[in-house]
């Protein structure tokens with residue numbers, strides 16, 4: 001338990017068993033030469049109240065030097081049916097890029113020892129260490145959040161000139177699924193409230209936080225209380241079958257050529273406690289935070305982080321990973337201008353994708369190319385706003401892609417070419 005909790009947030013399960021993935025492909029082409037493939041991940045077994053935190057290595061991914069246009073995920077059962085959030089809550093999924101030493105591949109598969117032979121290639125965001133290293137990633141809001149990149153813009157992957165000699169590029173999923181069937185408090189279970197979990201008696205004596213220190217007994221809930229194989233408390237007498245779930249993920253891409261404009265991923269955290277060491281910023285991303293009990297204040301709860309950006313660019317796409325109760329999240333420029341606001345969509349029904357009271361989508365920003373410029377060294381502000389109610393494990397994780405500010409303004413190409421790439 002102590003060893004597991006030292007691995008921070010999204011990487012809680014990075015040192016776990018190496019899984020292979022089950023492939024199911026539907027290869028499609030549209031009129032604009034965009035290819036589309038649908039895969040199913042390795043199945044994950046869950047039962048009532050059970051928490052599954054898994055790292056699935058070497059997931060199936062389109063091959064070659066390509067540009068990713070979108071990456072969308074949903075949870076399905078063994079028959080391929082979408083599973084509603086009130087049965088299996090997708091707390092988060094993250095797609096992380098890594099490179100693997102070709103000569104070590106067979107050893108890694110046989111020994112499940114990933115300490116050697118693998119190097120992670122994180123995004124260009126500001127968080128420290130292995131915190132928030134992913135490119136694509138959301139949670140229960142995945143089903144209603146668009147990941148489509150406009151026009152000629154795409155995320156370049158598989159460029160052989162950028163892959164270290166003797167290595168191969170691969171991808172993994174880091175996921176957390178919470179089976180809430182029969183739980184005593186379904187909402188509290190999805191927030192990973194510690195008192196609602198069947199925790200080991202010595203939990204606080206052996207579990208360490210981000211910095212390797214013992215977890216405080218004031219820690220009321222969040223990722224550390226939702227470790228793999230722990231369980232939310234069930235209603236008396238409730239019994240239910242186990243089942244196997246998987247991620248159904250659809251990737252759209254184009255073959256890379258001179259017409260594509262590469263984008264960089266920037267993951268920013270509203271809980272980043274930035275300090276300065278002279279001219280060098282030191283980031284202390286927390287990834288999650290608690291909203292304390294408040295009986296008298298009706299104003300929303302606001303969390304802000306001021307984050308200096310080393311390399312700016314033209315903002316192309318933006319959205320956020322949030323949890324139920326979010327009001328919105330906004331990225332501001334140093335002069336206070338609004339760069340992007342992402343608003344929530346809440347479900348009103350029973351069907352998957354429209355679950356009543358659950359966060360089922362976040363709006364996206366696709367500003368006119370070239371209209372929003374982030375300067376090198378600019379200090380951006382990420383502001384996440386939630387309802388002012390007691391909440392554990394709240395997140396304010398913004399995902400942005402932007403184009404290098406020094407690249408040629410390719411969006412001024414003729415209409416026919418732009419239409420071809422759209």
> Looking at the range 256-292, which of the residues that are under 25 Å from the mean Cα position of the chain (by Cα) and surrounded by fewer than 13 Cβ atoms within 10 Å (Cβ to Cβ) is farthest from residue 160 (Cα to Cα)?
Replying inline: 292
> Quick check: anything in the range 307-316 within 29 Å of residue 75 (Cα to Cα) and in contact (Cβ under 8 Å) with a residue 12 or more places away in the chain?
Replying inline: yes
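Can you name every residue in the range 134-161 that is modelled with pLDDT under 95 and farther than 20 Å from residue 360 by Cα? Working first, answer last.
Of the residues in the range 134-161, the ones modelled with pLDDT under 95 are 143, 150-152.
Matches in the range 134-161: 150, 151, 152.
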> Name the pairs: first residue in the range 190-213 and touching a residue at least 60 places away in the same chain (Cβ under 8 Å), second residue in a strand (DSSP E or B) and surrounded by fewer than 17 Cβ atoms within 10 Å (Cβ to Cβ), Cβ to Cβ under 6 Å, at least 6 apart or on different chains?
Replying inline: 208/214
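If a residue has to be closer than 18 Å to residue 52 by Cβ and surrounded by fewer than 17 Cβ atoms within 10 Å (Cβ to Cβ) to count, how many in the range 75-86 make the cut? Steps first, please.
If we filter the range 75-86 for residues that are closer than 18 Å to residue 52 by Cβ, which is where we start, we get 75-78, 82-86.
Add one more test, that the residue is surrounded by fewer than 17 Cβ atoms within 10 Å (Cβ to Cβ), and what stays is 77-78, 82.
Residues in the range 75-86 being closer than 18 Å to residue 52 by Cβ and surrounded by fewer than 17 Cβ atoms within 10 Å (Cβ to Cβ): 3 in total.
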>> Condition first: within 24 Å of the chain's Cα centre (by Cα), surrounded by fewer than 19 Cβ atoms within 10 Å (Cβ to Cβ) and in a loop (DSSP other than H, G, I, E, B). Now tell me which residues in the range 87-128 satisfy that.
In response: 115, 122, 124, 128
> What is the one condition in (1) at pLDDT 95 or above; (2) in contact with a helix residue (DSSP H, G or I) (Cβ under 7 Å, 6 or more places away or on another chain); (3) more than 19 Å from residue 287 (Cα to Cα); (4) not in a strand (DSSP E or B) that residue 74 does not satisfy?
Replying inline: (4)
> When only residues in the range 160-207 that are part of a loop (DSSP other than H, G, I, E, B) and out of contact with any strand residue (DSSP E or B) (no Cβ under 9 Å at 6 or more places or on another chain) count, which is nearest to residue 235 (Cα to Cα)?
Replying inline: 199
>> Take the conditions surrounded by fewer than 20 Cβ atoms within 10 Å (Cβ to Cβ) and at pLDDT 95 or above and apply them to residue 370. Does it pass?
In response: no
>> Which residue is surrounded by the most Cβ atoms within 10 Å (Cβ to Cβ), if the candidates are limited to the range 161-187 and must be touching a residue at least 24 places away in the same chain (Cβ under 8 Å), out of contact with any helix residue (DSSP H, G or I) (no Cβ under 8 Å at 6 or more places or on another chain) and more than 30 Å from residue 140 (Cβ to Cβ)?
In response: 163
>> Please determine whether any residue of the range 59-66 is in the same structural domain as residue 145 (by TED's automatic domain parsing), surrounded by fewer than 19 Cβ atoms within 10 Å (Cβ to Cβ) and within 30 Å of residue 222 (Cβ to Cβ).
In response: no
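For the range 292-322, which residues satisfy the criterion of being part of a strand (DSSP E or B) and either modelled with pLDDT under 95 or under 29 Å from residue 68 (Cβ atoms) (or both)?
Within the range 292-322, the first condition is being part of a strand (DSSP E or B), and the residues that meet it are 301-308, 313-321.
Scanning the range 292-322 gives 305, 307, 308, 313, 314, 315, 316, 317, 318, 319, 320, 321.
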> Which ones in the range 209-226 are within 23 Å of the chain's Cα centre (by Cα) and either over 24 Å from residue 273 (Cβ atoms) or part of a strand (DSSP E or B) (or both)?
Replying inline: 221
> Which numbered condition trips up residue 240, out of (1) assigned by TED's automatic domain parsing to the domain that holds residue 61; (2) modelled with pLDDT of 95 or more?
Replying inline: (2)
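The values are calculated or read from the model by the stated rules, or taken from the named source; none is laboratory data. A quick note: this is a predicted structure, and the numbers were derived from the prediction, not measured. As a convention, Cβ positions derive from the backbone with ideal geometry for all residues, glycine included, and neighbour counts pool all protein chains shown.
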